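Student: Have a look at the structure that comes next, please.
The values are calculated or read from the model by the stated rules, or taken from the named source; none is laboratory data. Since we're looking at a predicted model, the values are computed, not measured. Positions of Cβ are generated from backbone atoms using ideal geometry, with glycine treated the same way; all protein chains shown enter the neighbour counts.
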Amino acid sequence: MNKSLDESVVRVCRQGDKAAYAVLVKRHYRHVFALCLGVLGNVHDAEDIAQEAMLKGFLKIKKLDKTDQFEAWILRIARNLCFDFLRRQKRKKVLFAKQLMQPGQRTGENHVLQQAIRRLPQELRVPLTMYYFDGKNAKTIAEKLNISHSGACQKIREARKQLHELLRERENNEK
Amino acid sequence: MKSDCQKIKDQIADLVTGILPEAQVHVLEQHLNECAACRDYARALKDEDMLLTEFFAKIDTNITHQQERVLQAINHSDVSRKSETHLIWRTIMKSPITKLAAAAVIIIAVVLSINVWDKSIPSAYALEQTIEANHSVRYLHIKGFDPSHKEPKEYWVECDESGKLKSARWHMPEWDAPEDGAKVVVWKENKIHLWFKGTTKKRSCLVTFKEEKGADWLYNRAQARNPRLAVERLYEQQAEGKVKIEVDQPADKAKSVVVTVTYPPESTKSGEREVLFVDRGTKLVTAVKFYRLKDGKYEYQGTQEYYDYNQPIDPEMFDLDNEVPADVQRIDRDLQKIELNKGIGPDELEKYENMTPKEMTIAFFQACADEDWDELLKFTSDSEIKQETKDYYGGLEIISIGEPFKTDEYHGWFVPYEIRLKSGSIKKWKLAVSNRNLVQRYMLDGGF
């Protein structure tokens, strides 16, 4: 049903209708942002890239042939933009840790948690972030990441276990 | 933790994350009852689950604002021109010859355009443009964010043609007043409808009243959130030199104009700073961020976001009667007020309103002595006097009424009394009287 709604909205958007695209932004921005946050592990960068992805989606929507595949398509755009961004960052030799320590950023519990999340491998961080940010539904995460339901569950489980170890490690270091 | 407990860890992670199949939950719970190490592990994971939920929920509060920014960027984009320009540019840059030619064309174009530059630059933003744009605003949806809470306060306002507030609706989250719980308030036709959604201790109820002090307070709050009035006020204050206003108009047209308002030391709002974000196209305020000076730095205090300018609000939003579930208790304070002043004519009202605690007590017992039960009802919230009360107190004799006194535990007054009942027995006690009621005059609260 959701796909068929997207399909009809996408058709209108292809005529350049900005108001119709607003519907797609409302429906999909959250998922796009969650993916970017998972890949990049940084809220500010995720905001920038998610917004860039949505804008790019609008500018390129005429190229979307399978009009019922908007979600997969926009997530692909977002993922590619994230990887471009990471490549650029790597060239600039900016370390993840430095990105995290932005001035004015909150310290304390949130900061420790954020750092631990950042230290998770990307293939676990993405499903974990999407799971917590996007309604705690492993099935929809599986659809969005194009993996099996059991595969999504496995990744979320592994992410939780590793995150626990990272937090415990941090706690022990502080003692 | 036993060696086979390592396998249980997977299940615990699944249980806490809510993805453990139902059939395995019971078996795992049994194991948790028996194994302290696994219980600790489960507890730690549960705590982390809460932390993760809260952490991502905090990030989530900004999503609507981000979506608005995407939509603004899209509204300012030109699909066909942008993509065509992009293609042409890519074609030029592919060849070194066309690159050089393009560079030459740009240099010539820059030289030629210097003479007409002044005419072609866009006009700068001015506060008056926002005031002008606000003149046509009739409907508005506002969200107020507090940095320490996830759920925002929400407001919907409807104005008349002159911009005066017509109706308003507020959503107050529980954190605003935990003792009251979450509330919805509707102000319409000078009447307040207040829906207490209830807490674990208090039941949900809908209270309505008219012309109370609260009406003015709510009206003022809604007016303060009206961006039209807020911006006009800023404009006047700027003209009088009472505020410092800086306008930043980024080169990127997709970005908002940022108006920073700083209050100087001599101002009543000294140390405060407001940052207004103004939409380039509509010239309307989309958000205001509030800061306060502390230890030489401006500390973030909260944000107010403005949405849905001029999108008509469903009239149902200002009608709680239909929205509040039928089983919720309804209290009409106006009716209650009429009920409390039952039997008192308009000419007599002043007399009862001016009674002191002692005078009220004397009048109260005199009504018992005279067996004037209609008169007695004027001092109680009861709808009738019970027969056993009439039998017990009817025809009493007042021996003495003492001087009223107060205690720390009770907000009202205690008035000592000594009466002789019809049976001949003497009762010596104190009447509790209070004016903390809807009609704000002294009435019986206890001790009778």
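Student: Out of the residues in the range A:101-150 that are basic (Lys, Arg) and surrounded by 13 or more Cβ atoms within 10 Å (Cβ to Cβ), which is modelled with the highest pLDDT?
Tutor: So the residue we want is A:ARG125.
Student: Among (1) within 9 Å of chain B (Cβ to nearest Cβ); (2) at pLDDT below 90, where does A:HIS164 come up short?
Tutor: Here A:HIS164 clears every test but (2).
Student: Quick one: which of A:HIS31, A:HIS44 is part of a helix (DSSP H, G or I) and at pLDDT 90 or above?
Tutor: A:HIS31
Student: For A:ALA34, are the conditions met, namely being more than 17 Å from the chain's Cα centre (by Cα), of a type outside the set (D, E, K, R) and facing chain B (nearest Cβ under 10 Å)?
Tutor: In short, no.
Student: A follow-up question, please. Residues of the range A:55-85 being within 14 Å of chain B (Cβ to nearest Cβ) and in contact with a helix residue (DSSP H, G or I) (Cβ under 8 Å, 6 or more places away or on another chain), which ones?
Tutor: Matches in the range A:55-85: A:LEU55, A:LYS56, A:GLY57, A:PHE58, A:LEU59, A:LYS60, A:ILE61, A:LEU64, A:ILE74, A:ILE77, A:ALA78, A:LEU81.
Student: Please find, within the range B:2-52, the residue that is farthest from A:PRO127 (Cα to Cα) out of those that are β-branched (Val, Ile, Thr) and surrounded by 17 or more Cβ atoms within 10 Å (Cβ to Cβ).
Tutor: My answer is B:ILE8.
Student: Please work out if A:ILE141 is free of Cβ contacts under 8 Å to residues at least 24 places away in the same chain and either in a helix (DSSP H, G or I) or charged (D, E, K, R) (or both).
Tutor: For A:ILE141, the condition - free of Cβ contacts under 8 Å to residues at least 24 places away in the same chain and either in a helix (DSSP H, G or I) or charged (D, E, K, R) (or both) - is met.
Student: Let me ask something else. Do you know which residues across the range A:55-85 are surrounded by 15 or more Cβ atoms within 10 Å (Cβ to Cβ) and of a type in the set (S, T, N, Q)?
Tutor: Matches in the range A:55-85: A:THR67, A:GLN69.
Yes/no matrix, rows are residues, columns are (1) more than 30 Å from B:LYS143 (Cβ to Cβ); (2) more than 8 Å from chain A (Cβ to nearest Cβ); (3) modelled with pLDDT under 85:
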residue: B:ALA23; (1), (2), (3): yes, yes, yes
residue: B:LEU28; (1), (2), (3): yes, yes, no
residue: B:ALA42; (1), (2), (3): yes, yes, no
residue: B:GLU54; (1), (2), (3): no, yes, yes
residue: B:LYS58; (1), (2), (3): no, no, yes
residue: B:HIS65; (1), (2), (3): no, yes, yes
residue: B:ARG69; (1), (2), (3): no, no, yes
residue: B:GLN72; (1), (2), (3): no, yes, yes
residue: B:LYS82; (1), (2), (3): yes, no, yes
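Student: Given (1) at pLDDT 70 or above; (2) over 20 Å from B:ASP314 (Cβ atoms); (3) among the hydrophobic types (A, V, I, L, M, F, W, C), where does B:LEU140 come up short, assuming only one miss?
Tutor: B:LEU140 satisfies every listed condition except (2).
Student: Would it be correct to say that B:LYS269 is at pLDDT 90 or above and either more than 30 Å from B:GLY198 (Cα to Cα) or of a type in the set (S, T, N, Q) (or both)?
Tutor: Numbers: at pLDDT 90 or above: no; either more than 30 Å from B:GLY198 (Cα to Cα) or of a type in the set (S, T, N, Q) (or both): yes.
No: the conditions fail for B:LYS269.
Student: Also, quick follow-up: Is there a residue in the range A:6-16 that is farther than 22 Å from B:THR61 by Cα, touching a Cys at 6+ places or on another chain (Cβ under 8 Å), without any contact (Cβ under 8 Å) to a residue 60 or more places away in the chain and assigned to a helix (DSSP H, G or I)? Spell out the reasoning first.
Tutor: Filtering the range A:6-16 for residues farther than 22 Å from B:THR61 by Cα gives A:6-16.
Those still in the list that are touching a Cys at 6+ places or on another chain (Cβ under 8 Å) too: none.
For the range A:6-16, residues farther than 22 Å from B:THR61 by Cα, touching a Cys at 6+ places or on another chain (Cβ under 8 Å), without any contact (Cβ under 8 Å) to a residue 60 or more places away in the chain and assigned to a helix (DSSP H, G or I): absent.
Student: Here is a further query. Under the condition of being of a type in the set (Ser, Thr, Tyr) and closer than 29 Å to B:LEU349 by Cα, which residue from the range B:408-440 is modelled with the highest pLDDT?
Tutor: Per the stated criteria, the residue is B:TYR417.
Student: If A:GLU52 satisfies every condition in (1) surrounded by 24 or more Cβ atoms within 10 Å (Cβ to Cβ); (2) within 11 Å of another protein chain (Cβ to nearest Cβ) but one, which is the exception?
Tutor: Here A:GLU52 meets the rest and fails (1).
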